[in-house]
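Only one structure is covered here, and it is reproduced in the block below.
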Amino acid sequence: MESRNPVFSRRGFSRDNGYAGFNATPQAGGPAVGTQANPYAQNPYAQQVGAPPQAPVTPGAMTMDDVVARTATTLGTVVVTAVLSWLLLPVDEANLGKSYGIAVGAGLVAMVLALVQSFKRKPVPALILSYAALEGVFLGVISSAVSTYIADGVVAQAVLGTMAVFAGVLVAYKAGWIRVNRRFYGFVMAAALGFVLLMAVNLLFTVFGGGDGLGFRSGGLGIVFGIIGIILGACFLALDFKQVEDGITYGAPREEAWLAAFGLTLTLVWIYMEFLRLLSILNSD
């Protein structure tokens, strides 16, 4: 149950893979909107240079409704396949090995698909939905196992915790309590990289040395790292909200709503898994 969010380099909605809206100083001769570089200055969806940022009115531009609809579709796919795998892949003693094998296989393929999409310049809906379906299979089996062998209420608590973090970060972001700038972005990326490297080392020690490895995922250290993982997930949510805001402000094409849905799904899966792991430790004997 290691953290498996493969996207550590969050790009914004710019054509050159640059992150939009970090109050960056424009390059010499480059266009600017106020103090922000406009990532859409070279495409037909861009606002005029010098115009104040505002929601795009160009037909075919991404809207908040597009983001909500695509995110609902992607998350709905995760939930549906998770429920089906929970029901169809039992984790009793007779079927545990088979169910785990299918779940791990689905999880690995989902990770590969997520990495492929992360390196593509444009979102591919079929790729994103395939990732969501396979990730749901993985989550369904893991959640069923936790519910069966640790505690019945853990899964519901993890879902509620994930929803609470999402709502809390959204309120804090809209209220201006969280300011997403280059410093925030750099800190989150550095912290996430260090976190994942530590978890990878812990996994290697677990595989080759047995037991709990370095102990980062059990006992007191497991609780600490679980909390850190949830906080990192909350920071990723803030980055996701900033990307959506910038995409709408600068007139991103409607197809890029799939990219927003993909990022939000990855982050919510990360947070759910960290909650599930943390609650599992707290409920273990």
Q: Kindly indicate whether any position in the range 236-254 is of a type in the set (G, A, S), at positive phi and in contact with a Ser or Thr (Cβ under 7 Å, 6 or more places away or on another chain).
A: yes
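Residue by residue, here is whether (1) among the β-branched types (V, I, T); (2) assigned to a helix (DSSP H, G or I); (3) free of Cβ contacts under 8 Å to residues at least 24 places away in the same chain holds:
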residue: I142; (1), (2), (3): yes, yes, no
residue: S147; (1), (2), (3): no, yes, yes
residue: V155; (1), (2), (3): yes, yes, no
residue: V207; (1), (2), (3): yes, yes, yes
residue: A234; (1), (2), (3): no, yes, no
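A quick yes/no check of all residues on (1) closer than 16 Å to A158 by Cα; (2) modelled with pLDDT under 90; (3) within 16 Å of the chain's Cα centre (by Cα):
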site	(1), (2), (3)
W177	no, no, no
R183	no, no, no
A192	no, no, yes
L204	no, yes, no
A234	yes, no, yes
D246	no, no, no
R254	no, no, no
L268	yes, no, yes
E274	yes, no, yes
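So how many residues does the range 92-126 have that are surrounded by 15 or more Cβ atoms within 10 Å (Cβ to Cβ) and modelled with pLDDT under 90? Spell out the reasoning first.
Initially, the range 92-126 is screened for residues surrounded by 15 or more Cβ atoms within 10 Å (Cβ to Cβ), giving 96, 99-100, 102-103, 106-107, 109-111, 113-114, 117-118, 123-125.
Pick out the ones that are also modelled with pLDDT under 90 and you get 96.
Residues meeting the conditions: 1.
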Q) In the range 209-223, how many are assigned to a helix (DSSP H, G or I), in contact (Cβ under 8 Å) with a residue 24 or more places away in the chain and on the phi < 0 side of the Ramachandran plot? A) 2
Q) So which residues in the range 252-285 are buried (at least 24 other Cβ atoms within 10 Å of the Cβ) and outside any helix (DSSP H, G or I), if there are any at all? A) A252
Q. Restricting attention to the range 98-123, which residues are part of a loop (DSSP other than H, G, I, E, B) and touching a residue at least 24 places away in the same chain (Cβ under 8 Å)?
A. R121, K122, P123
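The values are calculated or read from the model by the stated rules, or taken from the named source; none is laboratory data. The shown structure was predicted, so the numbers you read here are calculated from the model rather than taken from an experiment. Note that we place each Cβ from the backbone using ideal geometry, even for glycine, and neighbour counts take in every protein chain shown.
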